[in-house]
Amino acid sequence: MLTCLSSADQRRLLIALIIILWLVAGLLYFMAHEKLDFTTSMWVLMQMLSTVGYGDTKVQHNDAGKLILSFYALFTIALVTGVINEYIAWIIDTDGSKVLMRLDAVDQQLSIIARPELNDPQDAQNA
(Lines give C-alpha, C1' and ligand atoms only; values in the text may rest on other atoms or scores of the structure.)
Protein backbone atom coordinates (compact mmCIF):
# COMPACT_ATOMS: atom_id res chain seq x y z
CA MET A 1 0.00 0.00 0.00
CA LEU A 2 1.17 3.56 0.59
CA THR A 3 4.42 3.42 2.52
CA CYS A 4 4.40 7.13 3.40
CA LEU A 5 1.39 6.61 5.68
CA SER A 6 1.42 5.07 9.13
CA SER A 7 -0.41 1.78 9.64
CA ALA A 8 -3.24 3.61 11.44
CA ASP A 9 -3.58 6.05 8.53
CA GLN A 10 -3.52 3.17 6.05
CA ARG A 11 -6.34 1.50 8.02
CA ARG A 12 -8.35 4.74 8.01
CA LEU A 13 -7.83 5.10 4.26
CA LEU A 14 -8.97 1.52 3.70
CA ILE A 15 -12.08 2.14 5.83
CA ALA A 16 -12.85 5.30 3.84
CA LEU A 17 -12.56 3.39 0.55
CA ILE A 18 -14.81 0.60 1.84
CA ILE A 19 -17.42 3.16 2.93
CA ILE A 20 -17.35 4.91 -0.44
CA LEU A 21 -17.70 1.61 -2.30
CA TRP A 22 -20.49 0.47 0.02
CA LEU A 23 -22.44 3.72 -0.49
CA VAL A 24 -21.97 3.56 -4.25
CA ALA A 25 -23.25 -0.04 -4.20
CA GLY A 26 -26.32 1.12 -2.28
CA LEU A 27 -26.94 3.95 -4.72
CA LEU A 28 -26.60 1.57 -7.67
CA TYR A 29 -29.01 -0.89 -6.05
CA PHE A 30 -31.66 1.76 -5.49
CA MET A 31 -31.23 3.16 -8.98
CA ALA A 32 -31.20 -0.21 -10.80
CA HIS A 33 -33.55 -2.43 -8.81
CA GLU A 34 -35.83 0.08 -7.12
CA LYS A 35 -36.01 2.32 -10.23
CA LEU A 36 -35.28 5.48 -8.23
CA ASP A 37 -33.38 8.46 -9.62
CA PHE A 38 -30.01 9.50 -8.16
CA THR A 39 -31.40 12.15 -5.82
CA THR A 40 -34.13 9.91 -4.41
CA SER A 41 -31.66 7.05 -4.06
CA MET A 42 -29.32 9.30 -2.08
CA TRP A 43 -32.27 10.48 0.06
CA VAL A 44 -33.33 6.91 0.89
CA LEU A 45 -29.73 5.92 1.59
CA MET A 46 -29.22 8.84 4.00
CA GLN A 47 -32.45 7.92 5.79
CA MET A 48 -31.12 4.40 6.15
CA LEU A 49 -27.71 5.60 7.36
CA SER A 50 -29.22 7.87 9.99
CA THR A 51 -31.94 5.33 10.90
CA VAL A 52 -34.57 8.09 10.54
CA GLY A 53 -36.83 6.43 7.98
CA TYR A 54 -39.33 9.17 7.13
CA GLY A 55 -41.37 6.78 5.01
CA ASP A 56 -41.90 9.33 2.26
CA THR A 57 -40.31 7.11 -0.41
CA LYS A 58 -41.55 3.60 -0.99
CA VAL A 59 -39.28 0.81 -2.13
CA GLN A 60 -40.40 -2.44 -3.71
CA HIS A 61 -41.89 -4.92 -1.29
CA ASN A 62 -40.72 -8.26 -2.66
CA ASP A 63 -39.04 -10.77 -0.37
CA ALA A 64 -35.64 -10.64 -2.08
CA GLY A 65 -35.55 -6.85 -1.87
CA LYS A 66 -36.51 -6.91 1.80
CA LEU A 67 -33.75 -9.43 2.53
CA ILE A 68 -31.12 -7.47 0.62
CA LEU A 69 -32.09 -4.15 2.23
CA SER A 70 -32.21 -5.71 5.70
CA PHE A 71 -28.63 -6.94 5.43
CA TYR A 72 -27.55 -3.71 3.76
CA ALA A 73 -29.08 -1.62 6.56
CA LEU A 74 -27.56 -3.75 9.32
CA PHE A 75 -24.10 -3.64 7.77
CA THR A 76 -24.40 0.09 7.08
CA ILE A 77 -25.31 0.85 10.69
CA ALA A 78 -22.38 -1.29 11.86
CA LEU A 79 -20.13 0.54 9.41
CA VAL A 80 -21.24 3.95 10.67
CA THR A 81 -20.68 2.83 14.26
CA GLY A 82 -17.17 1.69 13.33
CA VAL A 83 -16.44 5.03 11.69
CA ILE A 84 -17.57 6.91 14.79
CA ASN A 85 -15.37 4.63 16.90
CA GLU A 86 -12.36 5.25 14.63
CA TYR A 87 -12.96 9.01 14.76
CA ILE A 88 -13.10 9.03 18.55
CA ALA A 89 -9.94 6.90 18.71
CA TRP A 90 -8.22 9.33 16.34
CA ILE A 91 -9.20 12.30 18.52
CA ILE A 92 -7.90 10.55 21.62
CA ASP A 93 -4.68 9.53 19.86
CA THR A 94 -3.94 13.00 18.51
CA ASP A 95 -5.25 15.23 21.29
CA GLY A 96 -5.51 12.82 24.21
CA SER A 97 -4.06 15.18 26.79
CA LYS A 98 -6.29 18.03 25.65
CA VAL A 99 -9.35 15.79 25.81
CA LEU A 100 -8.42 14.67 29.33
CA MET A 101 -7.92 18.26 30.44
CA ARG A 102 -11.34 19.21 29.05
CA LEU A 103 -12.96 16.21 30.72
CA ASP A 104 -11.35 17.18 34.04
CA ALA A 105 -12.67 20.73 33.66
CA VAL A 106 -16.17 19.43 32.93
CA ASP A 107 -15.92 17.08 35.92
CA GLN A 108 -14.98 19.96 38.19
CA GLN A 109 -17.86 22.09 36.89
CA LEU A 110 -20.32 19.24 37.35
CA SER A 111 -19.12 18.60 40.89
CA ILE A 112 -19.69 22.29 41.72
CA ILE A 113 -23.20 22.11 40.26
CA ALA A 114 -23.95 18.85 42.09
CA ARG A 115 -22.56 20.18 45.39
CA PRO A 116 -23.52 23.86 45.64
CA GLU A 117 -21.97 24.11 49.11
CA LEU A 118 -18.58 24.11 47.39
CA ASN A 119 -19.42 27.45 45.79
CA ASP A 120 -19.18 29.29 49.12
CA PRO A 121 -15.92 28.66 51.02
CA GLN A 122 -17.59 29.71 54.33
CA ASP A 123 -20.18 26.93 53.95
CA ALA A 124 -17.48 24.41 53.05
CA GLN A 125 -15.57 25.22 56.27
CA ASN A 126 -18.71 24.87 58.39
CA ALA A 127 -19.64 21.52 56.84
If I model a spin label as a point 7 Å beyond the Cα along the Cα-Cβ vector, how far apart are those points for Ala16 and Leu67 in nm? 3.7
Solvent-accessible surface (1.4 angstrom probe) belonging to Tyr87, in square angstrom, nearest 10: 130
Kindly provide log₁₀ I(q)/I(0) values, in the same order as q = 0.26 Å⁻¹, from the Debye equation applied to equal alpha-carbon scatterers of the range 1-74. -1.25
Quick check on packing: order 39-46, 14-21, 50-57 by the mean number of other C-beta atoms within 10 Å, highest mean leading. 39-46, 14-21, 50-57
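Using the C-alpha gyration tensor of the range 46-111, what are the square roots of 5 times its eigenvalues, in whole angstrom, with the largest one first? Show your work: numbers first, answer last.
Working: eigenvalues 314, 42, 12 Å².
Values for the range 46-111, descending: 40, 14, 8 Å.
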With each label point set 7 Å from Cα along the Cα-Cβ vector, what nm distance links Ile84 and Trp43? 2.5
Distance in Å, no decimals, from the C-alpha centre of the range 8-30 to the one of the range 75-97 is 15
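May I ask you to give the percent of accessible area on the range 32-96 that is carbon plus sulfur, with a probe radius of 1.4 Å?
Working: 3050 of 4490 Å².
That fraction is 68 percent.
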Say each of Ile91 and Tyr54 gets a label point 7 Å from the Cα, pointing the same way as Cα to Cβ; how far apart are those two points in nm? 2.8
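The values are calculated or read from the model by the stated rules, or taken from the named source; none is laboratory data. These figures come from a predicted structure and were not determined experimentally. Glycine gets a Cβ as well: all are built from the backbone with ideal geometry, and neighbour counts include every protein chain shown. Ligands, DNA and RNA are stripped out before the accessible areas are found, and what is left, the full protein with its side chains, is counted by its heavy atoms. Shrake-Rupley method; radii C 1.70, N 1.55, O 1.52, S 1.80 Å.
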